[in-house]
1. Any residue at all in region 356-371 that is of a type in the set (S, T, Y), within 23 Å of A209 (Cα to Cα), at pLDDT 95 or above and out of contact with any Lys or Arg (no Cβ under 7 Å at 6 or more places or on another chain)?
2. Please give the number of the condition D221 fails out of (1) touching a Gly at 6+ places or on another chain (Cβ under 7 Å); (2) not in a helix (DSSP H, G or I).
3. Name every residue in region 112-157 that is within 18 Å of D385 (Cα to Cα) and out of contact with any Ser or Thr (no Cβ under 9 Å at 6 or more places or on another chain), in order of residue number.
4. Restricting to region 196-225, give me the number of residues that are among the acidic types (D, E) and buried (at least 16 other Cβ atoms within 10 Å of the Cβ).
5. Return a yes/no flag: does region 442-462 have any residue that is crowded, with 24+ Cβ neighbours inside 10 Å, in a loop (DSSP other than H, G, I, E, B) and of a type in the set (G, A, S).
6. Check region 113-133 and report whether any residue there is farther than 17 Å from G279 by Cβ, in contact with a Pro (Cβ under 8 Å, 6 or more places away or on another chain) and not assigned by TED's automatic domain parsing to the domain that holds A431.
7. Write out, first by first residue and then by second, each pair whose Cβ atoms fall under 7 Å of each other, whose residues are 6+ apart or on separate chains, and whose first residue, in region 271-294, is in the same structural domain as L207 (by TED's automatic domain parsing) and closer than 17 Å to L121 by Cα while the second is surrounded by 18 or more Cβ atoms within 10 Å (Cβ to Cβ) and of a type in the set (F, W, Y).
Amino acid sequence: MSRILKTGLLLALVFGVVWLAVIIWWQESHTLPTGVDIGLYLFALPLALIAAGWAGARIIRARREAKAAPAPAAAPSGEPEAAPVADLARLVVLASTARAALGGDPASIHAALAKHQRPELDASLKNARGFPIFSGRAAHLDTDTLREAASAAAGPGSALSGGCLRAAALLAEVVETLSQEARALVLGSGTPRRDEDWPQLQLELLLPADWPQAARTHTLDRARAAAVWVPGRIDARVHNAADALASDGLLRQLAQEPLDKTSAALRLVAAADSYIDAGVVQDWDAEGKLVSTANPQGRVPGEAAAGLLLDLALGAPSAIQDPAPPRDPPIGAVALTLSPTARRSTEADARGASGEPILAELTERFLQQQGQRADGIRTMVSDADHRGSRPLEAAGLAGALFPALDPNQDCLSIGAACGYTGAAAHLLTLAIAGETCAQTDAPVLAVMTQDPALRTLALVSRPIRPTA
């Protein structure tokens, strides 16, 4: 009871101080506040200060706990050690790109992350009480324009929700960019004389599992139309993103896929999702999932699309005997290694959830398997947002294994800046990790925490020559 009273008094004090300062400022500047001003300065500003103080306190506590935690005890001799859920997977990424609220390419998103940009108040999205909410909106998209274009095309898109239309548009941009990258790589080795001489390009598209079929058809049509490739040399598959690690599972599947003479070695893996939709906000608010003063652990609506261009011939097993020597990865390519998967004992969204040693143990084992020293990691990129134990897990890992990293500059949190991006979060994190690797010319560790219980990592580094 005493703790509740102290918390209530602290909240009242913050609101009181902010209100007093703002009202005095309005009086001194002879400002007549609008409804938006009242919502922004009298409600959003104190809420942001409270959230920042709460997050800062939890991060400091996590760092102290990580430093004070004893080393994990060895398992008793008669007790088998828990086996990892999945094996390592290795791929070579020729190019990557992303679209999100922070920018239209990985470089601009990375720059915004380094400046600690956060979701802003969105006047177009309001909660049940009529107040604007924070969102991670891609500013260059207009839902009405997208709907008009879908109606003009006489396709299924005109009846879709705004979120589906926006995600389809973002995905089309990603497919266009990466197919142009693939085309440039092919032309760099000489222009094919005939259409049949072009390599086969296969699109692997991840879309939310709860989307209606009309949304899938519309998105697939847009992706095919956006691809800058010979029409007869392109295929596409649509995959259900049923959870936060759907793209992780697809990448592992592709890494183990044997290639034969008919297989497409070039794979464009892309995912998109959007929650910038009044209907989604209304549903989240009714279900208690929307971030608010009363629910600081709620989601911030976001949207994103991201993709990787892979050459499976540089990393995947081959089903045929090829006498030719292995090719070197092109300049700018990065190696992507996916770690085994570990499971938390308590889900991240459970009441009182905090950091657990399982993530540090997984990271330490993974780096040892790769022969990678912890002090060689220059940056850590995570998909963590403000919800549950996720920020504590990322901060605790940095404090335990990477004390040399600057938490303000070297530890980037995608979810905290872009909002909840659902099916796109995993590939978005990998794309930003790839950009960071290119900028620093050093290995980057990507940490995946969006799933409530499962944890996995990815090491992004410069590729080495593939073995025969």
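The values are calculated or read from the model by the stated rules, or taken from the named source; none is laboratory data. Remember, it's a predicted structure, so these values are computed and weren't measured experimentally. Here the Cβ is made from the backbone with ideal geometry for all residues, glycine too, and neighbour counts use every protein chain on show.
1. Let us first name the residues in region 356-371 that are of a type in the set (S, T, Y), namely 363.
Add one more test, that the residue is within 23 Å of A209 (Cα to Cα), and what stays is none.
No, that holds for no residue.
2. (2)
3. A112, A114, K115, H116, Q117, R118, F134
4. Within region 196-225, the first condition is being among the acidic types (D, E), and the residues that meet it are 196-197, 204, 210, 221.
Next cut, buried (at least 16 other Cβ atoms within 10 Å of the Cβ) only: 204, 221.
Qualifying residue count for the region: 2.
5. For region 442-462, residues crowded, with 24+ Cβ neighbours inside 10 Å, in a loop (DSSP other than H, G, I, E, B) and of a type in the set (G, A, S): absent.
6. Yes, because at least one residue in region 113-133 is farther than 17 Å from G279 by Cβ, in contact with a Pro (Cβ under 8 Å, 6 or more places away or on another chain) and not assigned by TED's automatic domain parsing to the domain that holds A431.
7. Pairs that qualify, where the first residue is in the same structural domain as L207 (by TED's automatic domain parsing) and closer than 17 Å to L121 by Cα and the partner is surrounded by 18 or more Cβ atoms within 10 Å (Cβ to Cβ) and of a type in the set (F, W, Y), are Y275/Y420; L290/W284; V291/F134.
Table: residues versus (1) at negative phi; (2) assigned to a helix (DSSP H, G or I); (3) more than 14 Å from the chain's Cα centre (by Cα); (4) in the same structural domain as L49 (by TED's automatic domain parsing).
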position	(1), (2), (3), (4)
S354	yes, no, yes, no
Q369	yes, yes, yes, no
G396	yes, yes, yes, no
Q409	yes, no, yes, no
A417	yes, yes, no, no
